[in-house]
Amino acid sequence: MNQTIEHVASYYAHSANAAPARPPLAGSVRADVCVIGAGFTGISTALHLAEAGYKVAVLESARVGWGASGRNGGQIVNSYSRDMDVIERRHGREAARLLGGMAFEGGRIIRERVERYRIQCDLKDGNVFAAHTAKHLAELRAKEALWRRFGHDALERVDQAGMRRLVDSDQYCGALLDRWGGHLHPLNLVLGEAAALESLGGVIYEQSPVREVVPGAAAMVNTDAGQVRADFVVVAGNAYLGDLIPALAEKTLPCGTQVIATEPLPEALARTLLPGDNCVEDCNYLLDYYRLTADHRLLYGGGTVYGARDPGAIERLIRPKMLKTFPMLERVKVEFAWTGNFSLTLSRLPQAGRLGDNIYYSQGCSGHGVTYTHLAGRILAEAIRGQSERFDAFAKLPHYPFPGGQLFRVPLLTLGAWWYGLRDRFGW
Ligand SMILES: Cc1cc2nc3c(=O)[nH]c(=O)nc-3n(C[C@H](O)[C@H](O)[C@H](O)COP(=O)(O)OP(=O)(O)OC[C@H]3O[C@@H](n4cnc5c(N)ncnc54)[C@H](O)[C@@H]3O)c2cc1C
């Protein structure tokens, strides 16, 4: 008997809405589609398919939202980790047109879902990109022009004098406010989406790690105690997939990133720190991101450190970053500190594709996945239903393996992170 795996001790697990513990898979099950992984990608896909009348079975190693989806910063950040200008330069106008046409859709899907299924997840509008340097300001001006070109008209540039309206910190010289961005309680979002899926007849098996996928006209997905036979399989294990499918593992790198949440702050202090109650990310390569929770904690994340799991060590990493931004929080206690893995790709663009005819996957949002995973769910479902133009726009992007193989890619990336850390520090 495998050990039961529960959510990590985070602020999100502490404030999660009630959700049932779903029994593991036992015996044989038939489904139209078997989804591996119950994070945003898996649950979003399953829900789109269930809405279209498909019989869906989801297999999850641990609990719904156990991975990055239930631990992240909760920031609804639009577009992709590499933007349309890079896509246009590297892959041409048509790719940029197609991907640009979907760049703001993930946030809309989230809002539609929250409204349709009445999901309680503390959803708020407004995402601030904050500039430390003149170079960052120029980048934000370019981002604004680019996003407007692709139809985004809810953007506001803020100068240094206007910054205090957004953030009570002297660290910034300006910002871009994206009103289509925002923030939410990500674990409660995915739990709400899972409940919506079940209300439409979808079945989720928790504590059911998939051990093997056997391709075929009807593929077999095997766990220790059972098997799902399905016409289609969707692989949505992202940074936690391990070596289940080696062809997917070599093209992504799981990266750890850490988050802390303070004790609840007096409401007046919380309102002073972030008067617009927006979420904020800075423009550094190794960026800091933060926001308030519904109970007025400051939730602060940043950086990429491998293997930092101990809450004390995480607090020592992140607290100095928080105090640099908000020195007035010196005496405030940190109540939660946790880590999670996101999946990095060499191009920093997400990877979606097919293995054979009927095994689909999407992974590698490179730390920028709350919106993309919701879009991925829709385009994966479209492709399974036979309309694959939008899915193929992603599938056509080349996926490069990381240099250095299994042995050297982590040290190489650590070196890369160190280099980018220097660039952030000295504004190169
Ligand atoms: C700490 C942190 C902060 C972040 N902050 C933000 C943010 O603020 N904004 C943003 O846009 N993005 C953020 N991200 C990235 C974002 O969270 C991810 O891109 C997104 O949640 C990925 O969703 P997913 O469903 O693809 O993967 P996951 O949520 O990781 O889900 C994968 C699931 O698959 C399961 N699984 C894996 N292998 C198997 C198997 N063999 N059998 C069965 N199940 C399996 C896992 O248990 C897991 O539950 C952050 C990530 C982290 C880690």
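The values are calculated or read from the model by the stated rules, or taken from the named source; none is laboratory data. Predicted, not measured: the structure shown is a model, and the values here were computed from it. Don't worry about glycine lacking a Cβ; one is built from the backbone with ideal geometry, like all the others, and counts go over all protein chains shown. Please note that ligands, DNA and RNA were not included when accessible areas were found on the heavy atoms of the full protein model with its side chains. Shrake-Rupley method; radii C 1.70, N 1.55, O 1.52, S 1.80 Å.
For this structure, a couple of remarks:
- For region 231-243, the criterion of being of a type in the set (Asp, Glu) and under 24 Å from ILE43 (Cα atoms) is met by at least one residue.
- The residues in region 236-260 that are over 26 Å from LYS321 (Cβ atoms), away from the ligand (no atom under 11 Å from the Cβ) and in contact (Cβ under 8 Å) with a residue 60 or more places away in the chain can be counted, and the count is 3.
To keep it simple, each residue is scored yes or no on (1) among the small types (Gly, Ala, Ser); (2) touching a strand residue (DSSP E or B) at 6+ places or on another chain (Cβ under 9 Å); (3) within 30 Å of CYS34 (Cα to Cα).
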| residue | (1), (2), (3) |
| --- | --- |
| LEU140 | no, yes, no |
| ASP168 | no, no, no |
| GLN171 | no, yes, no |
| LEU191 | no, no, yes |
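- Test: residue in region 56-68 that is more than 9 Å from the ligand (Cβ to nearest atom) and either more than 28 Å from THR339 (Cβ to Cβ) or touching a strand residue (DSSP E or B) at 6+ places or on another chain (Cβ under 7 Å) (or both): yes
- Restricted to region 216-285, the set of strands (runs of 3 or more DSSP E) holding at least 1 residues that are among the polar types (S, T, N, Q) and open to solvent by less than 30 Å² (accessible area, probe 1.4 Å) comprises 219-223, 253-262.
- Inclusion of LEU187 among residues that are outside any loop (DSSP other than H, G, I, E, B), on the phi < 0 side of the Ramachandran plot and away from the ligand (no atom under 11 Å from the Cβ) is not warranted.
- Matching option when the condition is closer than 19 Å to GLN258 by Cα and either out of contact with any helix residue (DSSP H, G or I) (no Cβ under 7 Å at 6 or more places or on another chain) or aromatic (Phe, Trp, Tyr) (or both), among ARG297, ARG291, ARG348: ARG291
- Any hit, region 371-388, residues being in a helix (DSSP H, G or I), closer than 15 Å to GLY302 by Cα and away from the ligand (no atom under 15 Å from the Cβ): no
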